[in-house]
1. For the stretch 114-189, what does the alpha-carbon gyration tensor say about shape, rounded, prolate or oblate, given a ≥ b ≥ c as the root eigenvalues, a/c under 1.5 as rounded, and a/b over b/c as prolate?
2. Calculate, for residue 214 and residue 241, the FRET efficiency according to 1/(1 + (r/R0)^6) with r their C-beta to C-beta distance and R0 22 Å; round to the nearest 0.05.
3. From the Cα gyration tensor of the stretch 57-194, with a ≥ b ≥ c the square roots of its eigenvalues, which class applies: rounded if a/c is under 1.5, or else prolate if a/b is larger than b/c, or else oblate?
């Protein structure tokens, strides 16, 4: 029985006028055969796109750069992903599918909603660059639809009017993706630290306080007086403040939008 891993010698024949040339080609050795390429799938494309975003930033990802990273041609990508807009939708859908949406609890709806916001922030942090893909997008895929359904359900269970709950879906996504986008920009800029390192926020805050303290108090009485308050808190503190404002504000204005 022939060995499929060690094929027999092959013959090729050339004809040139009355002369026929027959050549026996050597057997192909195992090590000479190239390894088959990994099958191209939508999942692989999204994996690679998110890895490129994390390494080089959102703007470094194009269909051409993605094809190069996957060792294929752009035409092959288009069989799985129609264009860059669809790629962004797939990236955000991947993020949204990892959200853990709780069963709505009318007694804890506000904390449940804030927890969903925290999860969104953490997922964008885990996948740098992906927050930019969420900007100016109308979600159309199952994962993002499920997230919107979950936010709506939490809000409605808490007595929020359907209209206010619907707009909260948009507001929550916009705010959290803006935070994720800003954090990615901070990571790319040098600020007071070398490129590629975490920004030294304490040094930046000290510079800002020094700047505000030099302002003429007759023109900027509040900036000079409250400079410590303006720089107080880290990213976590400020996000928690924003989540409190968003959720409390939602409850306060809900009746206006019934």
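1. On the way: a/c = 2.31, a/b = 1.99, b/c = 1.16.
Note, shape of the stretch 114-189 comes out prolate.
2. Details: r = 27 Å, r/R0 = 1.25.
It comes to 0.20.
3. Working: a/c = 2.79, a/b = 1.59, b/c = 1.75.
It is oblate, given that a/c is not under 1.5 and a/b is not larger than b/c.
The numbers here are math on the coordinates, done by the rules we state, and not lab data. All of these numbers come straight from a predicted model, not from anything done at the bench. Backbone-built Cβ (ideal geometry, glycine too); neighbour counts: all protein chains shown.
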